[in-house]
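Presented below is the structure to which this report refers.
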Amino acid sequence: MQVDRESTIAVLAEWYRDYRDKVSAEADRLGETVDLVYGDVPPLAFSAAALAALPSVAVANFSWDWIYREMGLDVYAEIAAEAYSHCKLLLELEPAAPMPAFPVKQQPGLLGCRSELDKAGLASILGVDEHCTLVLVSLRDGIENKVGLPPVRDGVVYLAGYQLVERDDFSLIPASLSHRDVISACDVVVTKPGCGVIGDCFANSTRMLYAVPSGFPEHRVLSGWLQARPGSLEIGPVVLADGAWGDQLQQLLEQSAPAVLRADADRTAALAIKALLETGRA
């Protein structure tokens with residue numbers, strides 16, 4: 001939930017020390033069997049594609065040159081920007097941070113996944129009342145100490161993909177269910193803002209209660225996008241950790257659910273890539 005700046009700098013210095021060797025090795029690996037390189041969005045992919053004389057396509061909500069520059073890491077920002085300058089096409093997903101290094105852009109919109117699983121189906125799988133409020137805690141395993149649940153409330157069941165607490169109002173999500181299916185069938189997702197979870201929530205009219213971590217440049221862009229739309233509400237990381245977000249949860253439930261947004265950027269992206277390949281083969 002917070003950038004470790006010193007560790008980030010140390011890892012970058014080590015990884016980029018032999019960057020040119022990595023680029024050469026990747027270009028050799030691409031060989032003559034690859035027609036196009038598609039990346040989200042490691043600079044190495046685009047440097048290697050250029051060295052191998054291959055077209056490349058990026059798909060992203062933000063790029064590493066912008067992230068590094070926002071963090072004051074200009075040396076690495078320049079390396080990334082130079083790599084991106086070779087990209088044939090950027091598929092700039094919504095919501096997007098500035099990505100000036102890419103020479104050609106197309107905006108395919110929001111990327112999300114709709115699911116056929118509904119709330120009644122999920123409640124049946126979990127063995128809970130389909131009329132209860134289902135609240136998914138969507139944060140990666142291993143940060144249990146960063147998440148606390150509000151006091152028990154009648155009619156509210158909390159879900160997670162790992163054992164968050166031992167309580168009667170908590171249900172473990174079976175491994176057989178996809179994360180996106182659960183998002184579509186819940187009333188509320190508690191999370192930190194990320195491009196994937198935003199797309200899935202707004203593709204399925206699922207409310208978001210989100211905490212903004214500290215020091216991540218992209219979260220200013222993502223939270224700004226969310227604040228302009230109903231059906232989402234921001235809480236602080238401390239409030240999340242303390243489980244003191246019961247009032248905010250109730251406030252969010254009293255709001256209208258977000259409107260379903262078109263989230264088929266994958267189809268638009270596929271058509272753009274197909275056209276680029278056909279042009280190259282003509």
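The values are calculated or read from the model by the stated rules, or taken from the named source; none is laboratory data. Computed from a predicted structure; not experimentally measured. Because the Cβ atoms are built from the backbone with ideal geometry, glycine has one as well, and the counts that use them run over all protein chains shown.
Whether any residue in segment 156-163 is out of contact with any Gly (no Cβ under 7 Å at 6 or more places or on another chain), surrounded by fewer than 18 Cβ atoms within 10 Å (Cβ to Cβ) and β-branched (Val, Ile, Thr) is what I want to check. Taking every residue of segment 156-163 in turn, none turns out to be out of contact with any Gly (no Cβ under 7 Å at 6 or more places or on another chain), surrounded by fewer than 18 Cβ atoms within 10 Å (Cβ to Cβ) and β-branched (Val, Ile, Thr).
Residue-by-condition table, conditions (1) buried (at least 22 other Cβ atoms within 10 Å of the Cβ); (2) assigned by TED's automatic domain parsing to the domain that holds residue 205; (3) at pLDDT 95 or above:
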site: 24; (1), (2), (3): no, no, yes
site: 31; (1), (2), (3): no, no, no
site: 46; (1), (2), (3): yes, no, yes
site: 52; (1), (2), (3): no, no, yes
site: 58; (1), (2), (3): yes, no, yes
site: 82; (1), (2), (3): no, no, yes
site: 85; (1), (2), (3): no, no, yes
site: 91; (1), (2), (3): yes, no, yes
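Can you spot a residue in segment 197-205 that is more than 30 Å from residue 68 (Cα to Cα), surrounded by fewer than 19 Cβ atoms within 10 Å (Cβ to Cβ) and in contact (Cβ under 8 Å) with a residue 24 or more places away in the chain? Yes, segment 197-205 contains a residue that is more than 30 Å from residue 68 (Cα to Cα), surrounded by fewer than 19 Cβ atoms within 10 Å (Cβ to Cβ) and in contact (Cβ under 8 Å) with a residue 24 or more places away in the chain. So, residue 243, is that one over 30 Å from residue 8 (Cα atoms), touching a residue at least 24 places away in the same chain (Cβ under 8 Å) and touching a Pro at 6+ places or on another chain (Cβ under 6 Å) or not? Here the answer is no, as residue 243 does not meet what is asked.
Scanning segment 206-250 for residues that are buried (at least 20 other Cβ atoms within 10 Å of the Cβ) and within 20 Å of residue 159 (Cα to Cα) yields 206, 207, 208, 209, 210, 211, 232, 240, 245, 249. Can residue 65 be described as touching a helix residue (DSSP H, G or I) at 6+ places or on another chain (Cβ under 9 Å), buried (at least 20 other Cβ atoms within 10 Å of the Cβ) and acidic (Asp, Glu)? Judged against the criteria, residue 65 is a match. Inside segment 123-146, can you point out the residues that are at pLDDT 90 or above and closer than 21 Å to residue 210 by Cβ? Passing the criteria: 133, 134, 135, 136, 137, 138. Looking at (1) surrounded by fewer than 22 Cβ atoms within 10 Å (Cβ to Cβ); (2) in contact with a Lys or Arg (Cβ under 7 Å, 6 or more places away or on another chain), which is the only condition residue 74 fails? Failing condition for residue 74: (2).
Tell me, please, whether a residue that is part of a loop (DSSP other than H, G, I, E, B), of a type in the set (A, V, I, L, M, F, W, C) and farther than 18 Å from residue 125 by Cβ can be found in segment 208-225. Yes - at least one qualifying residue is present in segment 208-225.
Examine segment 263-281 for a residue that is over 28 Å from residue 4 (Cα atoms), of a type in the set (Ser, Thr, Tyr) and either under 17 Å from the mean Cα position of the chain (by Cα) or modelled with pLDDT under 90 (or both), and state whether such a residue exists. Give the derivation first.
Just the residues of segment 263-281 that are over 28 Å from residue 4 (Cα atoms), to begin with: 263-281.
Next, only the ones that are of a type in the set (Ser, Thr, Tyr) stay: 268, 279.
Okay, now just the ones that are also either under 17 Å from the mean Cα position of the chain (by Cα) or modelled with pLDDT under 90 (or both), so 279.
Scanning segment 263-281, I find at least one residue that is over 28 Å from residue 4 (Cα atoms), of a type in the set (Ser, Thr, Tyr) and either under 17 Å from the mean Cα position of the chain (by Cα) or modelled with pLDDT under 90 (or both), so the answer is yes.
Taking the condition within 27 Å of residue 221 (Cβ to Cβ) and in a strand (DSSP E or B), does residue 75 pass? No, not satisfied. With respect to (1) of a type in the set (Gly, Ala, Ser); (2) touching a Phe, Trp or Tyr at 6+ places or on another chain (Cβ under 8 Å); (3) not in a loop (DSSP other than H, G, I, E, B), the lone exception for residue 101 is condition (3). Among residues of segment 14-61 being farther than 15 Å from residue 76 by Cα and touching a residue at least 40 places away in the same chain (Cβ under 8 Å), the one that is nearest to the chain's Cα centre (by Cα) is 61.
State whether the residues of segment 217-232 include one that is in contact with a helix residue (DSSP H, G or I) (Cβ under 9 Å, 6 or more places away or on another chain) and more than 23 Å from residue 60 (Cα to Cα). For segment 217-232, residues in contact with a helix residue (DSSP H, G or I) (Cβ under 9 Å, 6 or more places away or on another chain) and more than 23 Å from residue 60 (Cα to Cα): present.
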